[in-house]
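Have a look at the structure below before the remarks.
The values are calculated or read from the model by the stated rules, or taken from the named source; none is laboratory data. Being a predicted model, the structure only gives us computed values, none of them experimental. Because the Cβ atoms are built from the backbone with ideal geometry, glycine has one as well, and the counts that use them run over all protein chains shown. The area values use the complete protein model at the heavy-atom level, side chains included, leaving out ligands, DNA and RNA. Shrake-Rupley method; radii C 1.70, N 1.55, O 1.52, S 1.80 Å.
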Amino acid sequence: MKKIFFISLIFAFFSCKKSEDFSLQNYHTFESKEDQYSGGIKMIPIKTPKGTFKVWTKRFGNNPKIKVLLLHGGPGLTHELYESFEGYLPKEGIEFIYYDQLGSYYSDQPKDKSLWTNERFVEEVEQVRITLGLNKDNFYILGQSWGGILAMDYALKYQKNLKGLIISNMVSSIPLYNKYAQEVLGPQMKKEVYDEIMKLEKNNDFANPRYSELLFEHYYTEHILRKPQKDWPESITRCFKHINSEVYISMQGYSEFGITGDAYIKNWDVSKRLKELTVPTLTIGSKYDTMDPEHMKWMATQVQNGRFLFCKNGSHLSQYDDQETYFTGLIQFLKDVDEKKFK
């Protein structure tokens with residue numbers, strides 16, 4: 001009897017191992033996938049009030065239970081901000097989907113400013129979801145920076161379609177972001193540097209090369225990605241080269257110390273609506289972020305099922321400058337939700 005039991009245990013062990021191996025092998029296969037010909041790339045038609053345009057997506061891997069749609073920042077940047085994900089998620093069997101929003105480098109770039117609104121982008125994401133066959137049993141959204149704004153707006157309207165929500169390096173109120181930038185981050189800089197930047201902004205002299213020079217030397221390498229610019233990953237350099245300035249300026253404005261002028265998202269604030277979110281939610285904040293990490297920690301207490309991840313060595317692009325913390329926490333969240341262990 002003991003011998004039979006022992007043999008049964010061995011059979012169960014190897015059967016389980018074989019199943020796990022098959023699962024990981026299946027992650028990398030294109031079998032029965034219509035995008036095999038294009039290597040996972042799909043151009044998705046998007047209907048808008050100004051006509052139909054196409055947006056670029058690329059599926060990375062295959063997992064029927066965990067599919068993460070990545071909403072990039074900017075607005076007007078690209079999926080290239082997320083290329084570090086390729087070093088971490090595939091080995092965990094987590095499927096993720098690159099996606100360039102309308103107006104971004106790999107997608108169509110219409111020249112109509114009326115398209116650059118939160119509401120239209122939300123409907124764009126919903127059309128992408130439907131085309132890719134994502135649903136409440138497998139669909140996670142991860143949005144960073146502006147992508148976090150879009151993720152929150154999408155979830156507030158369509159959370160019934162979501163399995164999980166990740167808000168990375170984004171607060172829930174632009175007025176509070178402005179306050180943090182102007183009252184905390186700005187004064188941390190050398191006074192003469194900050195005063196020069198503010199003078200350039202006051203004179204609307206944003207095209208002056210000196211403005212970019214000061215920002216990269218004294219601000220971006222402290223709060224965007226904490227490495228000397230010469231050491232920035234090529235994917236980030238490429239992403240910034242591909243920015244659509246028209247989209248960025250229309251929605252975000254010129255200033256890097258808050259949203260100013262008539263930028264579309266200037267008064268955006270959903271902080272009082274966070275309590276409406278019931279979907280499991282991870283907020284990610286970083287010590288050196290351009291966003292207030294304490295506010296992002298607070299956000300996790302306002303949603304009904306929240307968790308906060310703090311990147312103690314990270315800045316705004318903590319998927320690069322605090323990868324150990326960022327990806328360990330992200331992967332754990334995805335697995336906990338999938339395995340119904342999330343608390």
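In the structure shown, the pairs 42/157; 65/275; 42/312; 91/163; 50/91 are assessed against 31 Å; a Cα-Cα span above that value is assigned to 42/312; 50/91.
Could you tell me the calculated FRET efficiency between residue 137 and residue 222, based on Cβ-Cβ distance and R0 = 45 angstrom, to the nearest 0.05? After rounding to 0.05, the efficiency reads 0.60. Taking N as the residue count of segment 278-343, its C-alpha radius of gyration divided by 2.2 N^0.38 Å amounts to 1.08. Positive contributions from Lys and Arg (+1) and negative ones from Asp and Glu (-1), summed over other residues with Cβ under 14 Å from the Cβ of residue 110, come out at +1.
Rounded to the nearest 5, what is the percent of antiparallel bridges among the DSSP beta bridges in the chain?
If we restrict to bridges inside the chain, about 40 percent are antiparallel.
The relative contact order of the chain, computed from alpha carbon pairs under 8 Å that lie at least 6 residues apart in sequence, is 17 percent. Whenever you get a sec, compute what percent of the accessible area on segment 219-343 sits on carbon and sulfur atoms (1.4 Å probe). Within segment 219-343, the accessible surface is 48 percent carbon and sulfur. Here the extension length gained between residue 208 and residue 313 equals 34.6 nm, from 0.36 nm per residue of separation less the Cα-Cα distance. Rounded to the nearest 500, what is the 222 nm mean residue ellipticity of the chain from helices alone, with -39500 (n - 2.57) per DSSP H run of 4+ residues and division by all residues? Helix-only estimate at 222 nm: -11000 deg cm²/dmol.
Annotation: per residue accessible area for the chain equals 48 Å², rounded to a whole number [probe 1.4 Å, protein chains only].
Here's how it looks for residue 48: its modeled amide H is under 5 Å from those of 53, which are all 5 or more places away or on a different chain.
Karplus-derived 3J(HN,Hα) values for segment 281-292, using 6.51 cos²θ - 1.76 cosθ + 1.60 with θ = phi - 60°, are 10, 10, 9, 10, x, 10, 4, 9, 5, 6, 9, 6 Hz; glycine and proline are entered as x. Placing unit charges on the Cβ atoms of the charged side chains and taking the dipole of the chain about its Cα centre, the candidate lying farthest along the positive direction among 318, 138, 125 is 138. Cα convex hull, the chain: 150 Å³ per residue, rounded to a whole number. Around the amide H of residue 41, modelled in the peptide plane, lie the amide H atoms of 59, all under 5 Å away and 5 or more residues distant in sequence or on another chain. Once the chain from residue 336 to residue 188 is taken as fully extended at 0.36 nm per residue, the excess over their C-alpha distance is 49.5 nm.
First compute the accessible area of segment 52-165 with a 1.4 Å probe, then give the percent of it belonging to carbon and sulfur atoms.
The nonpolar share, carbon plus sulfur, comes to 49 percent.
For segment 90-134, trypsin sites (Lys or Arg not before Pro) meeting the loop criterion (DSSP other than H, G, I, E, B) and having at most 15 other Cβ atoms within 10 Å: 111.
Can you tell me how much longer the chain between residue 130 and residue 237 gets when fully stretched, taken as 0.36 nm per residue apart minus their C-alpha distance, in nm with one decimal? The partial results should precede the final answer.
On the way: separation 107, 0.36 × 107 = 38.52 nm, distance 3.20 nm.
Gain on extension, residue 130 to residue 237, equals 35.3 nm.
Convex hull volume of the Cα atoms of segment 66-206, normalised per residue: 147 Å³.
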